[in-house]
Ligand code: C2E
Ligand code: MG
Ligand code: MG
């Protein structure tokens, strides 16, 4: 169903206050060991009547009206809170990737806020990953490298999301200090079409290129064993997709992937 942007905008502040934005997690799988190497935080808006809205229905509206700054900050804090809760329960945290819109990324106090979150929740180095898109990479490039390095110095990793969708520039891979490359699902879809030899060759070479640059890769949208085999044979490191699991609420993720004894009463307010 297509939602009315005005209706979304009218409800967003109240929804944030009433905690209707929920953190869902989708596992990221190490293709060599098949173990869970991390997870991606994905937002779901669960309305008063229990209806679920997906990000594609409201993120574009929030990017337009600026509300993304508040939502992304909230999701970031929820993620940090979750990591701390795992640790409080004696569970070794796995790295969590959080999507960041261009708007929040260029806020003047952004790195100070990240530092504050890292300190408040005592997040170990390497456990928080920020996913930025090529759109960010294209803007204000001279400031970007400095900002990325500042963030990395806090112990936060940077992942380039949706690589291959927009205006991918290969030179960007050489110039920006990024820690991981996430290849857009569209790439894999095209390359899995037996008639599309050219797309397959391109994807294969992107994996090789990333490997030569020592840049770990995540293939998004792995849905079939055949696609997984392609990616593994081409040297892809990690995979994410419905073949392994769909994004799920934190509670379900904990039971399935974190194997801890959680105290139902006090834990996981998320
Ligand atoms: P993304 O960051 O590229 O996330 C991957 C999307 O692919 C997710 O959609 C995920 O559910 C979906 N996906 C995963 N595996 C498969 C698969 O095997 N097949 C198919 N068809 N899809 C798969 P989702 O959760 O609907 O999110 C869509 C986009 O919304 C995300 O794309 C991201 O760009 C944005 N988004 C999600 N949460 C946030 C957030 O908290 N902040 C911001 N700024 N953006 C967000
Ligand atoms: Mg992402
Ligand atoms: Mg993506």
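No lab work stands behind these numbers, since they all come straight from the coordinates. Quick caveat, the model's predicted, so the values are computed rather than measured. Here the Cβ positions follow ideal geometry from the backbone for every residue, glycine too, while neighbour counts run over all protein chains shown.
Rounded, prolate or oblate: which fits region 1-148 when a ≥ b ≥ c are the square roots of the eigenvalues of the alpha-carbon gyration tensor, with rounded for a/c under 1.5 and prolate only if a/b beats b/c?
Judged from the Cα gyration tensor, region 1-148 comes out oblate (a/c at least 1.5, b/c at or above a/b).
Pull out the extension gain between residue 56 and residue 109, defined as 0.36 nm times the separation in residues minus the alpha carbon to alpha carbon distance; nm, one decimal.
Value of the extension gain: 16.4 nm.
Which of 113, 200 comes first, and how do the rest follow, when ranked by fewest Cβ neighbours within 10 Å?
With the sparsest Cβ surroundings first, the list reads 113, 200.
Would you please classify the overall shape of region 83-199 from the alpha carbon gyration tensor, given that a ≥ b ≥ c denote the square roots of the eigenvalues, rounded means a/c under 1.5, and beyond that prolate means a/b larger than b/c while oblate covers the rest?
oblate
With each pseudo-label sitting 7 Å past Cα toward Cβ, what's the residue 196-residue 33 distance in nm, one decimal?
Label-label distance for residue 196 and residue 33, simple model: 3.2 nm.
Cβ neighbours within 10 Å, averaged per peptide: list 16-22, 249-255, 235-241 in order, most packed at the top.
In decreasing order of mean packing, 16-22, 249-255, 235-241 become 235-241, 249-255, 16-22.
Shape of region 1-41 from its Cα gyration tensor (a ≥ b ≥ c, root eigenvalues): rounded if a/c is under 1.5, otherwise prolate when a/b > b/c, or oblate?
It comes out prolate by the Cα gyration axes.
Is it possible to state the helix-based mean residue ellipticity at 222 nm for the chain, with each DSSP H run of 4+ residues giving -39500 (n - 2.57), the sum divided by total residues, to the nearest 500 deg cm²/dmol? What is it?
Value at 222 nm, helices only: -13000 deg cm²/dmol.
Dividing the alpha-carbon radius of gyration of the chain by 2.2 N^0.38 Å (N being the number of residues), what value is obtained? Mind showing how you got there, number by number?
Working: Rg = 18.6 Å, N = 270, 2.2 N^0.38 = 18.5 Å.
Against the compact-globule rule of thumb, the ratio is 1.01.
Modelling each spin label as a point 7 Å along the Cα-to-Cβ direction, I'd like the residue 225/residue 44 distance in nm, to one decimal.
Between residue 225 and residue 44, the simple spin-label model gives 2.8 nm.
With label points built 7 Å along Cα→Cβ from the Cα atoms of residue 22 and residue 146, find their separation and express it in nm.
Result for the modelled spin labels: 4.3 nm.
With a Förster radius of 45 Å, plug the Cβ-Cβ distance of residue 213 and residue 14 into 1/(1 + (r/R0)^6) and report the FRET value to the nearest 0.05. Don't skip to the answer; put the middle values down first.
Details: r = 46 Å, r/R0 = 1.01.
FRET efficiency, residue 213 to residue 14: 0.50.
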